[in-house]
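Values quoted throughout were computed directly from the atomic coordinates according to the rules given, and no laboratory measurement underlies them. Fair warning: this is a prediction, and the values are worked out from it, not measured in the lab. Every residue, glycine as well, gets a Cβ built from its backbone with ideal geometry; the counts of neighbours run over all protein chains shown.
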Amino acid sequence: MKALIQRAKKASVSVGGGLVSEIDRGLVALIGVAENDTEDDIARLSKKIAALRIFEDSQRKMNLDIKAIKGEILSVPQFTLCADTRKGNRPGFDSAAEPERAKNYWQKLNALLRGEGIKVKEGVFGAYMQVSLVNDGPVTIMLDTK
């Protein structure tokens, strides 16, 4: 599984012009599920996201995790993170998990994060979404369970 994590001052997801979810201070997590991902990948990624210390402490060091700042996560499914760009100029998506399995894994990831006491809001699986955010820093981290 892959996650592109962005530290945000605020963020939102809209579909068809209508607001679906929004957060204030926290993380935007774009989540990609690959065909070879397992349940272990879900657990590994949720632990990593929950413990990722990318928020500044009183000495301006990235030392605090999402729970320490009482932040929220906006979780957005994004199969394009599984793009293969090694050949040609058009990305291939053969390595992305089939939609039902990807949705199930994404929902399980969100449930595990909620189980950590983190408020998680979601995008819409399979929808054409508009994601807006104020990237704080900017801080953007790529996580990959492989």
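Among 121, 87, 48, which one shows the biggest mean-square fluctuation in a GNM of the chain, springs joining Cα atoms closer than 10 Å?
It is 87.
Quick check on the exposure proxy: order 72, 35 from fewest to most C-beta atoms within 10 angstrom.
Ranked by crowding around the Cβ, least crowded first: 35, 72.
Which angle from 0 to 90°, rounded to the nearest 10, does the C-alpha axis of helix 39-51 make with the longest principal axis of the chain?
Its long axis makes an angle of about 30 degrees.
How high is the relative contact order of the chain, given as a whole-number percent (alpha carbon pairs under 8 Å, six or more residues apart)?
Once normalised by length, the contact order is 39 percent.
Need one number: nm distance between label points at residue 100 and residue 116, each 7 Å from Cα along Cα→Cβ, rounded to one decimal.
3.0 nm
Taking a label point 7 Å from the Cα of residue 127 along the Cα→Cβ vector, which residues of the stretch 55-82 have an amide N closer than 16 Å to it?
74-79
Go ahead and run the numbers for FRET between residue 38 and residue 70, Cβ-Cβ distance against an R0 of 22 Å, rounding to 0.05.
Efficiency for this residue pair is about 0.10.
Identify which of 78, 59, 107 has the largest mean-square fluctuation in a Gaussian network model of the chain, with springs joining Cα atoms closer than 10 Å.
Answer for the Gaussian network model of the chain: 59.
Using just the alpha carbons, could you tell me how many Å³ per residue the convex hull of the stretch 1-85 encloses?
Values: hull volume 10.2 nm³, N = 85.
Each residue corresponds to 120 Å³ of Cα convex hull volume.
Figure the gain on full extension for residue 90 and residue 143 (residue separation times 0.36 nm, minus the Cα-Cα span) and round it to one decimal in nm. Walk me through the numbers on the way to the answer.
Working: separation 53, 0.36 × 53 = 19.08 nm, distance 2.34 nm.
That works out to 16.7 nm of additional length.
Output the Cα-based Rg and Dmax of the stretch 2-144 in Å, rounding Rg to one decimal and Dmax to a whole number.
15.0, 47
Quick one: angle between helix 99-115 and the longest Cα principal axis of the chain, in degrees between 0 and 90, rounded to 10, please.
The two axes meet at around 20 degrees.
Give me D for the stretch 61-133 in µm² s⁻¹, whole number, from Stokes-Einstein with Rh from the Kirkwood sum over alpha-carbon pairs, 10 °C and 1.306 mPa s. Let's see the in-between values first.
Values: Rh = 14.4 Å.
It comes out at roughly 110 µm²/s.
Hey, which of these cross-link pairs are over 31 Å Cα-Cα: 10/47; 87/121; 2/61; 47/87?
Long pairs (Cα-Cα over 31 Å): 87/121; 47/87.
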